[in-house]
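One structure is given below, encoded as structure tokens.
Only the coordinates and a few stated rules stand behind these numbers; no lab work does. None of these values were measured; they are calculated from a predicted model. No Cβ is skipped: glycine too gets one built from the backbone with ideal geometry, and neighbour counts run over all protein chains shown.
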Amino acid sequence: MRQGENSFNMIEKIGKSFHKTVEEETKTEIPSDERVTSIAIVVICVLFLFYSFAHYRLSTGFFTASYGTLEMVLLYGSIIYWIITSTVMILGRKDLSRDIDSFGGLIFATVGFAWVLIVFPFEFSYFSNVLPDFFRFLLRWISNDIARVLMLLAVIVHLVAAVYSAILRVFVYKSRARNNRLYRSSRET
């Protein structure tokens, strides 16, 4: 009986937390920490694009022969998607950013990372080669096995985030519709 109560309490806490998140998401203002995070995401993604392009352009060996057009589109497309959604957030369009995330972006990134993980067109022993010699130690520790684990985690996190955010957006839209009905009915009386 005690374990059943604990499970019920946990489910109730999760439900309350979810509904609190829905209420926060119905607000249109963007907290400053989300803007700062979005700026950081844009900067990191742009740096990663330049870093990857340097590997590609200099033929360092990081990209293997199996790195083709599809892999390029999926890898860079996922990064560009983050730049787009973060830029939209920075510009104050929270709902549009969340909709892009929820109804396509996260799924695209999940599929992209999953495909790149399956094909794995990288050789991480060359990953630090475009850095100056005195900075190479920062990335030299990343092996192919570590990269695979990190990419698998990225696939799992994106998949969970895709499902969660789609459900959250549906509840946000329902909450807004309910609030609009209540507002209209209060004005009519």
Per-residue ellipticity at 222 nm for the chain, helices alone: DSSP H runs ≥ 4 residues times -39500 (n - 2.57), over residue total, nearest 500 deg cm²/dmol? -26500 deg cm²/dmol
How high is the relative contact order of the chain? Use alpha-carbon pairs under 8 Å, at least six apart in sequence, and give a whole percent. 26 percent
Which distance in nm do the two modelled labels at F135 and V73 give, with both placed 7 Å along the Cα-to-Cβ direction? 3.2 nm
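Working from the pairwise distances between different alpha carbons, so that the mean of 1/r is found and then inverted, what is the chain's Kirkwood radius in Å?
Values: mean 1/r = 0.0515 Å⁻¹.
After inverting the pairwise mean of 1/r, the radius is 19.4 Å.
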With θ taken as phi - 60° and the coefficients 6.51, -1.76 and 1.60, list the Karplus ³J(HN,Hα) couplings across the stretch 168-174 in order, rounded to whole Hz; mark glycine and proline as x. 4, 4, 4, 5, 5, 5, 5
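In which sequence would R176, R57 go, from the one with the fewest C-beta neighbours within 10 Å to the one with the most?
Details: R176 15, R57 9.
Fewest to most other Cβ atoms nearby, the residues stand as R57, R176.
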For F122, other-chain or 5+-apart residues with amide H closer than 5 Å (H placed, Pro excluded) are T64
Mind checking the full-extension length gain between V170 and R148? Use 0.36 nm per residue of separation minus the Cα-Cα distance, one decimal, nm. 4.6 nm
Within 15 Å, Cβ to Cβ, of I142, how many net charges do the neighbouring residues add up to if Lys/Arg are +1 and Asp/Glu are -1? +1
Convert each backbone phi in the stretch 11-21 into a coupling constant with the Karplus relation 6.51 cos²θ - 1.76 cosθ + 1.60 (shift: θ = phi - 60°), then list the ³J(HN,Hα) values in order as whole Hz, x for Gly and Pro. 5, 5, 5, 5, x, 5, 4, 5, 5, 5, 4
